[in-house]
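The values are calculated or read from the model by the stated rules, or taken from the named source; none is laboratory data. Remember, it's a predicted structure, so these values are computed and weren't measured experimentally. Cβ placement follows ideal geometry from the backbone for every residue including glycine, while neighbour counts extend to all protein chains displayed. Each accessible area value is taken on the protein alone, full model and side chains, heavy atoms only, with ligands, DNA and RNA left out. Shrake-Rupley method; radii C 1.70, N 1.55, O 1.52, S 1.80 Å.
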Amino acid sequence: MKKKYLFISLLAISGIIVVFIMMRAKMPSTVTVSTIPKAYNCVSLIGEDDSITFEIFADTKKSFIGEAENITETYLANEEGERLKLKITAIELASDEIIINKKRYHLFYFTFKIDFYPATQFSFEIDSALLTINYRSDAMIQINIGSFSYYKFTSFVTAFLSVGKLKGLVNEIDGCKTLAAVEIGLSNNTECDLIITEIIPLDLNVAFSSSDRILSIDLNYRFDDEIELLLGYPYQFTPPGSSVFTYRLAAGEKVNFLIPLKYYRLLALNKLGFIIEYTVGGNAYQLIYDDFTFFNTRELSHKTLEALVLYTYENH
Amino acid sequence: MKKVLIATLLLFVLMGLNVKAYTKTGHPDVSEIVFKDKGKLLINMTTSELDKAYTATGKRCFWGWKHHYMNIYCKADYIGEVIFAKINRTSDPIKIDYSLKETDYIERSVKTVGSISGTFSGKIKQIDCKLQGEYRREVTKKTTETTVEDSAFSVVLKPYTRLVYHITGEALVTNGVSKYYVLGILMKKGSWEYIDIITTYYEIYEEEL
């Protein structure tokens, strides 16, 4: 009987010690954060709410960075100091751990609402976008998230021209899975000829290489086929040259184009909106397509991870 | 006769019989898998192949798990699935606003067979961590157990057309067999498989009715 009491007492004492140690466990003195720079873009109508999610790696779960309630101010800024205000809506911790330079990192999803409501058509492009988050404790983190292209329009569609197909061709360039070309299916809904005069991608990092476009209505290809295989000749993703898109679409005609992309700066791009400029009977019109997600990947290349910029802050 | 049928159905209900849709892969949420190079799904393995795999786990141990891997991160194509199809049978265009959340479709499908079923799903995560460390590939992967909005778009559906939003992708297939010993006695054994969907491609196209 005595032994039983002794055992229970020892168990209780051990439990108390464990709880005490856990309570005393200090937060790490520093926190290191990072993110994979990407080409972020957003296309929407005036009056619509927009949100954006950044994937941020942190070397500890216990730090001030994940405390959404303590965030006082957030914005994206360019090097000239122009700002786009953001409002935190959620911080979520993913279950997996990622190894960066032999160190374990936790993945957080920071979701923000864009806190800017223009009344007229508007565009804001940041080539090198710095995400700044200020906390109540006077702590601040600042991370380069890549680029950000933001476009607000008064309306998207026109009755004369419509988009009937969207498919992306995804290639790996320098260890980075990104859009290599976009297939766009168009139909002329009028009873007269329509002239497409330009197709403009809505992201500051890319341009369509119209001279390399191919008619793709009968083209069967995989999403990850090499672009050179489809074009039949070597293709360089940089630098963009000047190329003009002109195509006469007969009344009621449907056409599909696979249009390769050229990069001003190679950043992973997985979604894209575009503007199609066209004329009908001598009058100019625009069709705007909002940002369509062509692919998503859960792959993270070691090459990319090892080249990441790490930002270390005191853990408040 | 009716009474017998009703009694049988009642028995199935009481036994909690779980009827799941049959798929070619053996995973209810994965309709089709095509391996890029080599690889074999558990559902296509013969009894002798599985017996060999159990033998390959090696000598019994005093306590714990013994595993043998048959396929590790085999690259495969995850054959498409229609996320939605909308039909406009009216003479007016219809505007559609669509948003797909990552949580709307699977990222990992786990299948277990044998006496390990039910308790083994948690073990898969440990196995995956171990394999990621041992088999350093050019890429690693993250899970996205989040409610973050994944894909949203607006589209105008023309009169008398059908709009299809289609998803396809790339997957990694890992499978093996495991045995669990307690005091050198075999307590559980079974086969398992997990399919990670690593890249998803989206396509939208319009068809005339």
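Looking at the structure I just gave you, is A:Gly164 crowded, with 19+ Cβ neighbours inside 10 Å, in contact with a Gly (Cβ under 6 Å, 6 or more places away or on another chain) and within 11 Å of chain B (Cβ to nearest Cβ)?
When the stated conditions are applied, A:Gly164 passes them.
Within the range A:268-285, track down each residue that is within 14 Å of another protein chain (Cβ to nearest Cβ) and open to solvent by 40 Å² or more (accessible area, probe 1.4 Å).
Residue satisfying the conditions is A:Lys271 alone.
Mind counting the residues in the range A:188-216 that are farther than 18 Å from A:Ala39 by Cα, open to solvent by 50 Å² or more (accessible area, probe 1.4 Å), among the hydrophobic types (A, V, I, L, M, F, W, C) and under 29 Å from the mean Cα position of the chain (by Cα)?
Residues meeting the conditions: 1.
When you scan the range A:53-93, how many residues do you find that are more than 17 Å from A:Gly146 (Cβ to Cβ) and touching a residue at least 24 places away in the same chain (Cβ under 8 Å)?
Residues that pass the stated criteria total 20.
Restricted to the range A:286-316, and to residues that are facing another protein chain (nearest Cβ under 8 Å) and over 22 Å from A:Lys271 (Cα atoms), which residue is modelled with the lowest pLDDT? It would help to see each step written out before you state the result.
Restricting attention to the range A:286-316, the residues satisfying the condition of being facing another protein chain (nearest Cβ under 8 Å) are A:290-303, A:305.
Next cut, over 22 Å from A:Lys271 (Cα atoms) only: A:302-303.
Working: A:His302: 77, A:Lys303: 80.
Step by step, filter the range A:286-316, then rank; the result is A:His302.
Give me the residue from the range B:109-130 that is of a type in the set (S, T, N, Q) and under 25 Å from A:Ile98 (Cα atoms) and, out of that set, least open to solvent (accessible area, probe 1.4 Å). Spell out the reasoning first.
Within the range B:109-130, the first condition is being of a type in the set (S, T, N, Q), and the residues that meet it are B:109, B:112, B:115, B:117, B:119, B:121, B:126.
Then keep just the ones that are under 25 Å from A:Ile98 (Cα atoms); that gives B:109, B:121, B:126.
On the way: B:Ser109: 10, B:Ser121: 69, B:Gln126: 109 Å².
Result: B:Ser109.
So, of the residues in the range B:156-175 that are part of a strand (DSSP E or B) and open to solvent by 10 Å² or more (accessible area, probe 1.4 Å), which turns out to be nearest to B:Ile197 (Cα to Cα)?
Within the range B:156-175, the subset part of a strand (DSSP E or B) is B:156-157, B:161-175.
Still in the running and open to solvent by 10 Å² or more (accessible area, probe 1.4 Å): B:156, B:162, B:166, B:168, B:170.
Numbers: B:Val156: 30, B:Arg162: 28, B:His166: 15, B:Thr168: 10, B:Glu170: 6 Å.
Filtering the range B:156-175 for residues that are part of a strand (DSSP E or B) and open to solvent by 10 Å² or more (accessible area, probe 1.4 Å), the one nearest to B:Ile197 (Cα to Cα) comes out as B:Glu170.
Before we move on, is A:Phe153 more than 14 Å from chain B (Cβ to nearest Cβ) and in contact (Cβ under 8 Å) with a residue 12 or more places away in the chain? Outline the logic, then answer.
Details: more than 14 Å from chain B (Cβ to nearest Cβ): no; in contact (Cβ under 8 Å) with a residue 12 or more places away in the chain: yes.
The answer is no for A:Phe153.
Output the residues belonging to the range B:176-198 that are within 14 Å of another protein chain (Cβ to nearest Cβ) and of a type in the set (S, T, N, Q).
Within the range B:176-198, no residue meets the criteria.
Could you check A:His106 against (1) within 14 Å of another protein chain (Cβ to nearest Cβ); (2) under 25 Å from B:Ser154 (Cα atoms); (3) not aliphatic (A, V, I, L, M) and say which number it fails?
(2)
Go through the range A:235-264 and give me each residue that's under 18 Å from A:Thr178 (Cα atoms) and open to solvent by 80 Å² or more (accessible area, probe 1.4 Å).
Within the range A:235-264, the subset under 18 Å from A:Thr178 (Cα atoms) is A:235-240, A:258-264.
If the condition is that a residue be under 18 Å from A:Thr178 (Cα atoms) and open to solvent by 80 Å² or more (accessible area, probe 1.4 Å), then A:Gln236, A:Pro239, A:Tyr264 are the ones that fit.
Considering the range A:89-105 alone, what residues qualify as being open to solvent by 20 Å² or more (accessible area, probe 1.4 Å) and touching a Phe, Trp or Tyr at 6+ places or on another chain (Cβ under 6 Å)? Working first, answer last.
Taking the range A:89-105 first, the residues open to solvent by 20 Å² or more (accessible area, probe 1.4 Å) are A:89-93, A:95-97, A:99, A:101-104.
Listed by number, the residues that qualify are A:Ile91, A:Glu92, A:Leu93.
Identify, from the list A:Phe116, A:Phe108, A:Phe124, the residue that is at pLDDT 90 or above and open to solvent by less than 20 Å² (accessible area, probe 1.4 Å).
Values: A:Phe116 fails: open to solvent by less than 20 Å² (accessible area, probe 1.4 Å); A:Phe124 fails: open to solvent by less than 20 Å² (accessible area, probe 1.4 Å).
Going through A:Phe116, A:Phe108, A:Phe124 in turn, just one is at pLDDT 90 or above and open to solvent by less than 20 Å² (accessible area, probe 1.4 Å): A:Phe108.
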